[in-house]
Amino acid sequence: MILQRLAAAVREQNWFTVLIETLIVVLGVFLGLQLGNWNEARTAEQRRDEIIQALATDLADSIYVMEDKQVFEIDRGLAAWAEAFERGEHPAPYYYRIEGADTAPDTWGVLQQMEIGGLFDPVTIFDLSYYYSELEGVGQKYVRYVTFVETEILPFESVASLYFYTEDGSALKPRYAASMDRLREFRGEVLGLASWARCLRGRLEADIRPEKSCVREDPTIRGNSLLALPFSDETTE
């Protein structure tokens, strides 16, 4: 309809009408494009909010599992073993086995398939990628630990407890003492991951663009390796 009126106005050389009709066409196209852009922006923002919520929930769940379940159980088990040994008993080496799967679900791999790279700033993307990579790495170390438990400890629990000790019964044999040392290291790794997760969760929920990463070097917990620790006082344990 508008194009017909415009063509008629051109034939009649009615330039004022031509101008008005042209402006109507241009304005309509502009508004249509702008509306499309607004809808795309709103959809992208909604998708980003949903992904942030999913990440924050996953991090919160991880913090709970690591601190309130894993570290709690390990501390209780190690303490019980030490008390029994101090009483002159010879308990089997304490070990920790996770219920269900030995490793955490691949949350980051799933999110990467959703092409989330453009939804966050580079620092946040690096932090998330590094955290989930470390989470997977710690999971692989746990698998190696629990494999030793299942092949070298569990089959011999029914044997005399001195099987795990030196001839004089004064100490665990080196391989079993090393197994408990690996468990203590795993405990430290878990605490570091929980602290890291708390920092990441706080930044996601605050929706800020960080200038620094959530990770830094802390030789007091894991030797000289990188350990995730929060910068803010409110997330420091």
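Odds and ends about this structure:
- Cα→Cβ-extended label distance, 7 Å offset, between residue 140 and residue 79, nm: 3.4 nm
- When the alpha carbon gyration tensor of segment 68-139 is reduced to an equivalent ellipsoid, the three semi-axes, largest first, read 40, 12, 8 Å.
- Here the simple spin-label model places points 7 Å from the Cα toward Cβ, and for residue 208 and residue 57 these points are separated by 2.6 nm.
- With Cα atoms defining each centre, segment 180-210 and segment 73-144 are spaced 10 Å apart in the structure.
- Here the scattering of segment 47-235 is modelled by Debye summation over its C-alpha atoms, one equal scatterer each and no solvent; at q = 0.08, 0.11 Å⁻¹ the log10 of I(q)/I(0) is -0.33, -0.58.
- Estimated at 0.36 nm per residue, the fully extended path between residue 110 and residue 181 surpasses their Cα-Cα distance by 22.2 nm.
- Computed on segment 47-235, with alpha-carbon pairs under 8 angstrom and 6+ residues apart, the relative contact order is 30 percent.
- Taking 7 Å steps out from each Cα toward its Cβ at residue 121 and residue 98 produces label points 3.2 nm apart.
- With a cut-off of 17 Å on the backbone N, the residues of segment 64-98 near the modelled label site 7 Å out from residue 166 along Cα-Cβ are 85-86, 88-91, 93.
Every number here is computed from the coordinates shown, using simple stated rules; none is lab data. Because the structure is a prediction, the values reported are computed rather than measured. Heads up, the Cβs are rebuilt from the backbone with ideal geometry, glycines too, and the neighbour counts pull from every protein chain shown.
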